[in-house]
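Please treat every number below as a calculation from the coordinates, not as lab data. For clarity, every value in this text was computed on a predicted model and none was experimentally measured. Note that each Cβ is placed from the backbone with ideal geometry, even for glycine, and that neighbours are counted across all protein chains shown.
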């Protein structure tokens, strides 16, 4: 039974009844309801418990300002910490209160109220110090926070992000925003209108006003219809919060209920020429004892519930105000059959206009509410003169309060516009804009509908250079206010909340000030006032007023805290859009991925998102058996691997030789066409950037290969140098990583496989010696064969165009079959390079290691006058400090594996480390575990025994040269 | 997110660019400069409150390295001082 639903009126569809659950109980609401209005219609008053004291709370507001009732949505669209006032009611919706257990009616945490006096602001910082925060942290983390995050992504649908451009972006579809959109739209420019409510109209939805002699909502409907007919007004978004105002007029809009039901939420990033902020105003509360009891509600919220949702939030109300706006509320409620016991106005003089609105409702001017009866629901109020005299009790079940109106200046302030305190309005209003934006209507303190229409039209006319239209007639309302920052009367006892969500009272702010936290930002951090879900939309200004009163300074001097995005909460899903992992960074494949998978490869990611085969297990082989088999094939017969992911760049121009000499540590310009050379690149501060091979294709044409993972880095490095330091050098860099694929045939029988494949290139030892290349045909395919070796065996890297890669691969496997060819994965490649002591950047190189440490002093050219990093390496080594140098390790027990990364300490004792193990593999040539390590003074310690320190053990190992196989390199040169 | 003027592509969104760091003095001749000069070149980075001259790389666009003057207080892209290059 919706016992509080009015028989007629409201923007709800009574033909569509919706069933929902709240804290396990079944209720009914109507289409058009929010969860909050449906709960009120069902007379559910106690809807929440507060964050710190677990006090009973009800519904306070009607929109995103709601500070009290947060719910967790369950089921298909599970989502935590939603304000009940912004949740659109849906059939079958299930929600429950946060921050209470088991229910808001019976909440075990309510015991905190007994200790309220012991847990003032700053309590954590003072108390949980001894013996250490970590002792208390787990319990406090459990008590703190509100609802938990959903445990799984939504079952269906996805999030979406869209970029858009607009000449004029209008935020808010109230009277000011609609008028601005009409004026801008009629000029034909691109207009974008976004509004946070589920339908257009803004505050007109909540009130009973007339525009052009008709109900205001008829004007709204006509305006929306006209906007929809304009092709240039491309987006009229409802239920869409503009939540961030970023640099250069980029605004973020979160559309919560897009028309396409597959899209859960859509996040717009809109770059606008001009922004018109028609964001309206938010009512602030008054600060009096027990102003948080269920049934204490913002006056404007009650007006919204009566007019927009046809719900009576109570039967008998007391209205407490310091300004004129609450009089219209009282009139509307009275007309809907709610008994108004009294209007309590803190001002001595009430303007005539306001008195006229009140009609026969008794007005108590110069009076305040000094207390509330009822803990779980309001039962009455105590009203007295401002100093506390003449207290009398009034029965009521609803206490409506209005402390005045604050322009919703959040976005303006996010855009770095400044705010100014306006004494007449007793609030902060936008002052100087920092970007191309203008505030209109309530957002700039123009609170009457007539001035909203006027300022909206003016802003749009000015932005588009068009004429001011004739404005429809609307009743001019008057607004005046005398600020009342808190009730300070004799007999006023009980907690008076400034920030209802975070349980921050006047006493907490006074305490912060006494303890020296007297900057408004410090008060915020110390008391948590203005933090959290609502970001103090109703209470911040009262905190600022309380500070000003206590310090005896003007409010302007206290200032506001910084407004930051988001204006209203946004789900992480909406921020991410569809950019989940595989979309942000899609995997890269070579043409033989399918072949690899068919062959049963275990696929890895190998740097830069390449999918590469790790190993090719056969039947019920273990990992180690498969890797050993692949290694043995390369060492004893022949193997083939796909080297396509290696970074490749073609460099052209007369200055390439000079350029390569500058970026490599060794000399490249002396290479002759047809030759290649291994090289090392440093950063300017002397650290190792990358290693790879440079080939000279012709007089002015070169090819540079890089490691897979660093291809992009090296590309950036080269472009930066060429474009910023040597713009006059004639060098053009073209990335060709994806234009060349290769199959690398390696092993003692590699030349026989090449012969079986057939080639017009002379592949003999003399015809194509080590570190040279030739172009021609291989297996009938155009190819470039390069004699480099990353395994230490005789190798032929057959490079072809991607369209030929799969053919080449299959023909190589076929031709190699008689020789026992095996496809080789990255695991075996790792073993083979460790056996040879070849460098792997990801293993042996970190931010301390240089080429000398790695035993590669030979690659640091002494002939060249300069190269990138030369001076820095010299500078770094001048102190003759102890260096960690690359060594080989043989574990004393040949069957004992050393974990990669394990530390070496003197004697294996608990002492500072003297190195670390960078790699450890089962060597098929030595038939034992072998390792590489960086060890202090390692080069002079060959033959010593060192110790690996593990958690529960030490491993002894003998130090040797970092090469376990063919130290003279005869095999790869063969 | 800033709107960065690329000399080839016009105003483009910051997400297309990679930050290239402030424009530093030219690389000194490593055989002429003393240790302090070299270390200063490596480690001293202009970090003014106000306009700073900096590199951006249009890496997801045309690939150009470009420079802008950006006000570090506001992210506004501004005119460089008249005596700047």
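Relative contact order (percent) for segment A:408-554, with alpha-carbon contacts under 8 angstrom and 6 or more residues of separation?
15
Assign one of three labels to segment A:647-735, namely rounded, prolate or oblate, based on the Cα gyration tensor with a ≥ b ≥ c the square roots of its eigenvalues; rounded applies when a/c is under 1.5, prolate when it is not and a/b is larger than b/c, and oblate otherwise.
In terms of gyration-tensor shape, rounded.
So if each residue of separation counts as 0.36 nm, and I subtract the Cα-Cα distance between residue A:376 and residue A:74, what length gain in nm does that give?
Extra length from residue A:376 to residue A:74 when fully extended: 106.2 nm.
As a test, work out the antiparallel percent of DSSP beta bridges whose residues both lie in the protein assembly as shown, rounded to the nearest 5.
75
How high is the relative contact order of chain A? Use alpha-carbon pairs under 8 Å, at least six apart in sequence, and give a whole percent.
Worked out over chain A, it gives 9 percent.
Using Cα pairs closer than 8 Å and at least 6 residues apart in sequence, work out the relative contact order for segment B:3-71, in percent.
It comes to 36 percent, rounded to a whole number.
Along the Cα→Cβ direction, 7 angstrom out, place labels at residue B:11 and residue A:473. What is the inter-label distance in nm?
Result: 4.3 nm between the two label points.
Exposure proxy check: A:771, A:297, A:1 ranked by fewest other beta carbons within 10 Å?
A:1, A:771, A:297
For chain A, what does the helix formula give at 222 nm: sum of -39500 (n - 2.57) over DSSP H segments with n ≥ 4, over the residue count, nearest 500 deg cm²/dmol?
-6500 deg cm²/dmol
Helix-derived [θ] at 222 nm for chain B: sum -39500 (n - 2.57) over DSSP H runs of at least 4, divide by residue count, nearest 500?
After summing the helix terms and dividing by residue count, I get -3000 deg cm²/dmol.
Could you calculate the FRET efficiency of residue A:619 with residue A:137 from 1/(1 + (r/R0)^6), where r is the beta carbon distance between them and R0 is 60 Å, rounded to 0.05?
0.70
Return A:885, A:210 ranked ascending by Cβ neighbour count within 10 Å, so the fewest neighbours appear first.
The most exposed by this proxy come first: A:210, A:885.
Running a GNM on chain B with Cα contacts under 10 Å, which residue among B:40, B:18, B:64 ends up with the highest mean-square fluctuation?
Checking each option, the largest mean-square fluctuation is seen for B:40.
What shape does segment A:339-386 take by its C-alpha gyration tensor, where a ≥ b ≥ c are the square roots of the eigenvalues and a/c under 1.5 counts as rounded, a/b above b/c as prolate, and the rest as oblate?
oblate
What nm value, rounded to one decimal, do you get for the distance between residue A:848 and residue A:670 when each label is placed 7 Å out toward the C-beta?
3.5
Could you work out how far apart the two model spin labels at residue A:229 and residue A:8 are, taking each label as a point 7 Å from the Cα in the direction of the beta carbon, and quote it in nm?
My value for the distance between the label points is 3.1 nm.
Which residues does the label zone of residue A:939 cover in segment A:858-893, counting backbone N under 16 Å from a point 7 Å along Cα→Cβ?
A:858-862, A:873-888
May I ask for the distance between the Cα centers of segment B:30-56 and segment A:407-460, given as a whole number of Å?
44
Indicate the gyration tensor shape class of segment A:504-623 (rounded, prolate or oblate), computed on the Cα atoms with a ≥ b ≥ c the square roots of the eigenvalues: a/c under 1.5 is rounded; otherwise a/b larger than b/c is prolate and the rest oblate.
Prolate is the answer for segment A:504-623, as a/c is 1.5 or above and a/b outweighs b/c.
Calculate I(q)/I(0) for segment A:161-271 by the Debye formula, one identical point scatterer on each C-alpha and no solvent, and give its log10 at q = 0.18, 0.20 Å⁻¹ to two decimals.
Rounded to two decimals, the profile gives -0.88, -1.06.
Neighbouring Cβ atoms within 10 Å as the yardstick, rank A:551, A:939, A:766 fewest first.
Ascending number of Cβ neighbours within 10 Å: A:766, A:551, A:939.
Alpha carbon centre of segment A:810-887 versus segment A:611-657: separation in Å?
If you average the Cα positions of each part, the centres end up 16 Å apart.
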